[in-house]
Structures are given as C-alpha cells and as structure tokens.
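All of the numbers you see were taken from the coordinates with simple rules; none came from a lab. These numbers come from a predicted model, not from an experiment. A quick note on method: Cβ atoms are made from the backbone with ideal geometry, for glycine too, and the neighbour counts reach across all protein chains shown.
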Amino acid sequence: MSKAKMMFSMIAAIVATGALTADPGMAKNNKKSASHSSAASAASSMGSVPQAQEAPKNGHHDEKPGPAWKTVGGTIKKIDGTAYMVEDYEGNQVKLYTGQGTKYMRGQKKVGDTVRAEITRGNFANSIQ
C-alpha cells in the first residue's frame, strides 16, 4: 500500500473515531435520517427518477401510449374494434388495445397477419409492425 493511501486511511479512521467519541448517541439516533438525506440528495442530483407504473386492475387497460413494458410477437387471431387478440409464439392469447397514439408500421393489420407490438403494462400497443 502506498504511503498516501495509508495516510488517507489513518486520517479517515481518526475523523470517524472523533465523530463517534464526540456524541455516540447522536450518531445512533441520526443514522436513519443521515442515510435518508444522503439518498435524497443523491436522487435530486441525478434529476427526476422515473416511478414504476402500476399494472392496471383486472378488466381495465391503458387507453393511450405510455412507457413500454414488453414486446409481444405472434399472429392476429381476432380483431374486435380497436382490440387485437394475438396468439404469441408460445400459444398464449394476448389482447392488445390500440388507439390514436398507436403507430402502425407497414399499414393496418388483418386477421392472420404476423405482428410484433410494443405494449404498455396495460396492454396498449404503442406500435404494431
């Protein structure tokens, strides 16, 4: 270990010991608030931190584009108004909802088309290709 590193380690240890010796009760009581304030200051220095979007309740779905959750690929089995029933490559049925915010790549889709869609947690299709 270099002399500079060793010197720095010793100074850090002395400062830490001095802080605890001055008022050990204060260090114990303020431990939570110190970590909270340092986490808060770190978050504020990074800018806004995105919040996780909650999954919609059963029977509800997103009605507009939002943060992409996953990509679904498969074959359109049924179209009901603005909703597409897609059978993915594992055989699961996924209902995708579309609207004005949906980007259609390569035109409108029909039953039997193979598609890939980027969807929100509420199954709104941000894009379909």
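The set of residues from segment 67-106 being part of a loop (DSSP other than H, G, I, E, B), in contact (Cβ under 8 Å) with a residue 24 or more places away in the chain and of a type in the set (Phe, Trp, Tyr) comprises just one member, Trp69. Of all residues being out of contact with any Gly (no Cβ under 8 Å at 6 or more places or on another chain) and small (Gly, Ala, Ser) in segment 114-129, which is nearest to Thr82 (Cα to Cα)? Just the residue, please. So the residue we want is Ala125.
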